[in-house]
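Colleague: Take a look at this one; I'll ask things after.
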Amino acid sequence: MNKTILFIGGIAILFIGVAIGLIASKNNENLNDNNAVVLNTNYSSTENTNKTNVNKNININTESAAPSGTFEIVSEIPSSISRNKIILDIQVTSSENARTIDAYKNGSDILSSMLLEEDGVTSVPLTLTPGLNTFYFKLGNLTGIVPEFYRTAEINYDNVPPRIETIACSKTGLTSTQFKNLKLNEEYLCISTGQYSGPTVGVAQAPLYGSITGNFEKITYDGKNVNPEPDGFINQRVPIYMNSGTNIFEIIAIDKAGNQAKTRETVEWEKEGDPIDLNIE
């Protein structure tokens, strides 16, 4: 009697195992159909004798093709800025299997991923660090497959104003003080008036000497434009109003990022008609 019961029980277990295997095989076929995972969710609740039954299929896209298409950076890209944040607009003209615009910085891991906008223009916010920042933009999707096509943008983040000096400015060569303890992105200007003789009071064509290190957008001496030579030297005359006694002239320097520095040079002219020799070596 006991042996018969054990035999029948074994056969029942065998049939159950076969049935489970068939169900699993069918589910695998569904997983491979159209590269989609179908999740069946059953939900039931009872409240105030009202019953609600929800039976819902959720499709999750598991596309495996690499994203492709063409796009352009439509925002103007500044070569240098004084703030550490910027937004670039990217226009996608055609795409396939693309869901996002992915931004990479200086060749490192992904910096941000923005979903493509329906109108084709996607705004990508970027954060910069001091110095040159190189950003790479690529189309992306949820698979993590990275396409070969990309666009780049190089932006220099410079929030350091120029340094200005008015002493020891040589008219024959650069001095060592120009390169001493310069910060990252710090431009250097050394400028001063040279020897001049003329009327005590009135407009004088004063000589300016000096040099620059770095890239400047604009330099003025007493409101007059200063134009360094291609090699960085300054050797020009500007019309300035000279008084007998103390003269104070304002110097303004603006770098490419828009950072501005100001200083003043004091010129003492006491004897009428005598030559004036100011801070020149």
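Colleague: Please note which strands (runs of 3 or more DSSP E) are completely contained in region 216-263 and include at least 1 residues that are over 15 Å from ILE164 (Cα atoms).
Modeller: Here the list reads 233-242, 245-255.
Colleague: Give me a count of the residues in region 121-141 that are loosely packed, with under 14 Cβ neighbours inside 10 Å and assigned to a loop (DSSP other than H, G, I, E, B).
Modeller: 1
Colleague: Right, here's the next one. Would you please name the residue that is nearest to the chain's Cα centre (by Cα), looking only at residues in region 83-99 that are of a type in the set (Val, Ile, Thr) and crowded, with 19+ Cβ neighbours inside 10 Å?
Modeller: Of everything passing the filter in region 83-99, ILE86 is nearest to the chain's Cα centre (by Cα).
Each reported figure results from applying straightforward, stated rules to the coordinates on display, with no laboratory input. This one's a predicted model, so the numbers in the text were calculated from it and none came from an experiment. Cβ atoms come from the backbone with ideal geometry, glycine included; neighbour counts cover every protein chain shown.
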